[in-house]
Amino acid sequence: MFFNRTNLNKLKELLSQRLLLSQEQLIYSYTQKCSYTDVKMKWKKDSSYESIEIIHRSQELKPLIFLKNCIANEPEGCIPIHSVSKRGLELGVPIKVARLKKLIMMTREKKILLKIIQGVQWYLRLPEDLLQNPEQYLDSSFKLVEMELSMDTEERMLSLIQKNVIKGGVYLEGSLMPLAIPLFPSKGLRLKRKISNWLNEFQQLPYVSPYEDYSHMKPNTDVSEKRVIGVLHELLSLFVDYSAERKKLLYLRTHLGLPQKFYRAFERHPHIFYLSLRNKTCTVILKEAYSGDSTIETQPILKVREKYIRLMKKSQAIIK
């Protein structure tokens, strides 16, 4: 066989197609066959996270803010709530609803029960009368289906991790890129060499966005665990104080496609999450949000809640 220019071009084309196909098969095979590594982390108390008042006194704020809203509803010297709701754009209501949109987009069927929304309403800082008057806050991309809220949208969502990578000047070439999840080790927390090596390999695994289809993934692999970490990271980043009671997250398990014992991820990844046992409850905190090197923007409503906490402390001092 004689190789002229035409034959050489055809040969190059065939080789490039074969190389592309082999790369795709390699990624798919890598995703499916990567086994699960069983490692155990030792929990270490971190005073810097135990002393975040906006998280640990959050439950005390609920009755206070509810009372404030009741007073604000009176016409004598206060703005009624119905007039406040008319100033939705000024008060940032679309931003609040955007967090709800992201939560629904993370579910497999792009819909979620209203009682689930009610359970995380405080964390997402949704308007109190959202479920009673949805037409005031929700646009045409939302629709009520019996007792569920669903979405019809082709909008592509990017996770916080993906956005930060893009800000760093990295171009995202499709899915399954080995994006590293930001780590924030607590002081004095040392990992064994075996665990440290596993963690380095874990960071090199493909990153599956919480908004992407995951139906092809096999459970009980390190890659599927990285998806779980990505989902929990994105979920906590949507919450106002970047934390939540662990038991509240259990209600979202089936909707977000999380495994039965997904809560073990909090224990296996202490560089990403912190578990606080204050107030006789287990609270999960996204460490990245409270790090000096954090790229997460502070929610404006968080500063308002901090003012309420300072007011509560002053009131307690006066009573004493």
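The values are calculated or read from the model by the stated rules, or taken from the named source; none is laboratory data. Please read all numbers here as calculations on a predicted model, not as lab measurements. Every residue, glycine among them, receives a Cβ derived from its backbone with ideal geometry; neighbour counts consider all protein chains shown.
When the residues of segment 200-214 are narrowed to those that are farther than 24 Å from F184 by Cα and either of a type in the set (D, E) or in contact with a Phe, Trp or Tyr (Cβ under 8 Å, 6 or more places away or on another chain) (or both), which ends up surrounded by the fewest Cβ atoms within 10 Å (Cβ to Cβ)? Give the derivation first.
The first filter runs over segment 200-214 and keeps only residues farther than 24 Å from F184 by Cα, leaving 211-214.
Subsequent filtering for residues that are either of a type in the set (D, E) or in contact with a Phe, Trp or Tyr (Cβ under 8 Å, 6 or more places away or on another chain) (or both) retains 212-213.
Details: E212: 16, D213: 11.
Looking at residues that are farther than 24 Å from F184 by Cα and either of a type in the set (D, E) or in contact with a Phe, Trp or Tyr (Cβ under 8 Å, 6 or more places away or on another chain) (or both), I get D213.
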Notebook entry, point to check: Would you pick out the residues in segment 193-214 that are more than 19 Å from the chain's Cα centre (by Cα) and more than 11 Å from A180 (Cβ to Cβ)?
Noted result: R193, K194, I195, S196, N197, W198, E201
Item checked: Number of the condition not met by V120 [criteria: (1) at pLDDT 85 or above; (2) exposed (fewer than 13 other Cβ atoms within 10 Å of the Cβ)] -> (2)
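Could you tell me whether segment 34-44 includes any residue that is assigned to a helix (DSSP H, G or I), polar (S, T, N, Q) and modelled with pLDDT under 80? Can you show your working first?
Initial filter on segment 34-44 (assigned to a helix (DSSP H, G or I)): none.
No - not one qualifying residue is present in segment 34-44.
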Note to self: Within segment 163-175, does at least one residue satisfy the condition of being in a strand (DSSP E or B) and either modelled with pLDDT under 85 or among the basic types (K, R) (or both)?
What the structure shows: no
Checklist line | Filter result for F239 (in contact with a helix residue (DSSP H, G or I) (Cβ under 6 Å, 6 or more places away or on another chain) and either buried (at least 21 other Cβ atoms within 10 Å of the Cβ) or closer than 19 Å to M41 by Cα (or both)) | finding: yes
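I'd like the residue in segment 177-192 that is under 20 Å from the mean Cα position of the chain (by Cα) and part of a loop (DSSP other than H, G, I, E, B) and, out of all such residues, is nearest to K287 (Cα to Cα). Don't jump to the end; show me each part of the working.
First pass over segment 177-192, keeping only residues under 20 Å from the mean Cα position of the chain (by Cα): 177-185.
From what's left, part of a loop (DSSP other than H, G, I, E, B): 178-185.
Values: P178: 21, L179: 18, A180: 15, I181: 12, P182: 9, L183: 8, F184: 6, P185: 9 Å.
Looking at the filtered set, the residue picked out is F184.
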Next item on the list: Report, by residue number, each residue of segment 281-301 that is surrounded by fewer than 15 Cβ atoms within 10 Å (Cβ to Cβ) and either modelled with pLDDT under 85 or out of contact with any strand residue (DSSP E or B) (no Cβ under 8 Å at 6 or more places or on another chain) (or both).
Entry: S291, G292, D293, T295, E297, T298, P300
Notebook entry, point to check: For segment 104-141, what are the residues that are within 26 Å of S215 (Cα to Cα), over 15 Å from the mean Cα position of the chain (by Cα) and among the polar types (S, T, N, Q)?
Noted result: S141
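Does L130 count as closer than 25 Å to I65 by Cα and either loosely packed, with under 12 Cβ neighbours inside 10 Å or at pLDDT 85 or above (or both)? So that I can check it myself, show each step before the final result.
Numbers: closer than 25 Å to I65 by Cα: yes; either loosely packed, with under 12 Cβ neighbours inside 10 Å or at pLDDT 85 or above (or both): no.
For L130, the condition - closer than 25 Å to I65 by Cα and either loosely packed, with under 12 Cβ neighbours inside 10 Å or at pLDDT 85 or above (or both) - is not met.
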Next item on the list: Determine the pairs where a residue that is more than 25 Å from Y290 (Cα to Cα) and surrounded by 15 or more Cβ atoms within 10 Å (Cβ to Cβ), located within segment 168-197, has a partner that is at pLDDT 80 or above and aliphatic (A, V, I, L, M) with Cβ atoms under 8 Å apart, the partner being 6 or more residues away or on another chain.
Entry: L176/V208
Next item on the list: For segment 176-219, enumerate the residues that are more than 27 Å from R99 (Cα to Cα), aliphatic (A, V, I, L, M) and modelled with pLDDT under 90.
Entry: L189, L191, I195
